[in-house]
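Notes follow once the structure below has been shown.
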Amino acid sequence: MEQPLYLQRLVQEDWRMTCRRNRFCFYCWLSFCDHCCKEHWDHHHPEEGLPRVATVGSKEDFFFFFFFFFFFFFFFFFFFFFFFFFDRASCVSSYSRSQVELLAENPAVLARYPVGTEYDWEGIQRLRGDEQTNWILLRPWVPPMYGRKKDFSSCVDCHQRIKKPTNALYCCTMCKLNQVQEEDQGRDMVEALATGDYSTQALLHDNFCVLCTSSFSSDCCTYHMELHHPDVEDIGVWLVLIEVVYVDGWAAVAPSELVSENVLAGVQVLQVQADDETVLYPLRRTVAAAVDRLGHVPGWHGCGAPGCHEMIPAQALFCCLRCKAAVHWAA
């Protein structure tokens, strides 16, 4: 049975995916994710001329110890060789943890983007990244840098080390804001940039747009329908967004005009709180089941989709809409 394109994309979407804020709009003074709010400037500020959106990166986007790279090349080659064969799992686990910590604590902005803010960026150190890009730290480096004193100068605010050769007085944007208190042009805007939320807290995709046929986090695009699709009434479309709820390891939806009960027929119903009359139907699993339910459970049977081993109540045919689509929509 053929279904509308948006329903096919809805069940194909990877609801395990999360995002983080990696852009800052100098007009909104807000951070957002470029996946959740695609073409932000064109949709939110179509009359404001050239885009003024900064790219915010972190330790994965730039590196500070480029000067020492060749000096330690053979040492790291031996270190990697040793751990690859003798302690590979431990090495990968440790690397993943350090990346997560640094992503949250060392946000930086691409140096070529903040120029339009009219703020005086002189005196703030630049970090060299890949492809000859320069980055400006927004907040002091965590943990503090280390190395020989003669290779560094000192930040006049937080006294962290700044890699020579440089004429920089401040290690990051926040330190200059602390030291230079005059009402400089763009100061408030840059302060909002430096104090923005760029943490690694996962942004769940809690909305699906039937016109974009993609999911997004409402935290990053609160007024999606009004700003990205202002002409929906002209084309006779009144409902655009499908709300997605995460419960018990499932991404789920409630019946609506966009996802009717007929479409959801045969899919198991998720248990909800006794005082909540909302009925939810799973789209797909996002987290593995907490217990092994592959064995016999009285009154339960296996999902009707080939290859799916999920156990479901007797009155249901499929564990989720994705499994139902694999059987019936492909026919």
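The values are calculated or read from the model by the stated rules, or taken from the named source; none is laboratory data. As the structure is a computational prediction, the values presented were derived from the model and not from experiment. Every residue, glycine as well, gets a Cβ built from its backbone with ideal geometry; the counts of neighbours run over all protein chains shown.
Within the range 162-176, the set of residues being surrounded by fewer than 19 Cβ atoms within 10 Å (Cβ to Cβ) and in contact with a Phe, Trp or Tyr (Cβ under 9 Å, 6 or more places away or on another chain) comprises just one member, K164. If you go through the range 44-58 and keep only what is more than 18 Å from L211 (Cα to Cα), in contact (Cβ under 8 Å) with a residue 12 or more places away in the chain and buried (at least 16 other Cβ atoms within 10 Å of the Cβ), you end up with H45, R52, V53, A54, T55, V56, G57, S58. If only residues of the range 31-43 that are surrounded by fewer than 20 Cβ atoms within 10 Å (Cβ to Cβ) and out of contact with any strand residue (DSSP E or B) (no Cβ under 6 Å at 6 or more places or on another chain) are counted, the one that is nearest to P230 (Cα to Cα) is H43. Take Y113 and decide whether it is within 24 Å of F32 (Cβ to Cβ), at pLDDT below 65 and surrounded by 15 or more Cβ atoms within 10 Å (Cβ to Cβ). Yes: the conditions hold for Y113.
Residues in the range 280-306 that are part of a loop (DSSP other than H, G, I, E, B) and at pLDDT 90 or above were compared, and the one that is surrounded by the fewest Cβ atoms within 10 Å (Cβ to Cβ) is P306. When the range 310-327 is filtered for residues that are surrounded by 16 or more Cβ atoms within 10 Å (Cβ to Cβ) and of a type outside the set (A, V, I, L, M, F, W, C), the ones remaining, listed by number, are E310, R322, K324. It is to be established whether one or more residues within the range 170-191 are under 18 Å from the mean Cα position of the chain (by Cα), within 24 Å of R20 (Cβ to Cβ) and modelled with pLDDT of 90 or more. Looking through the range 170-191, none of the residues is under 18 Å from the mean Cα position of the chain (by Cα), within 24 Å of R20 (Cβ to Cβ) and modelled with pLDDT of 90 or more.
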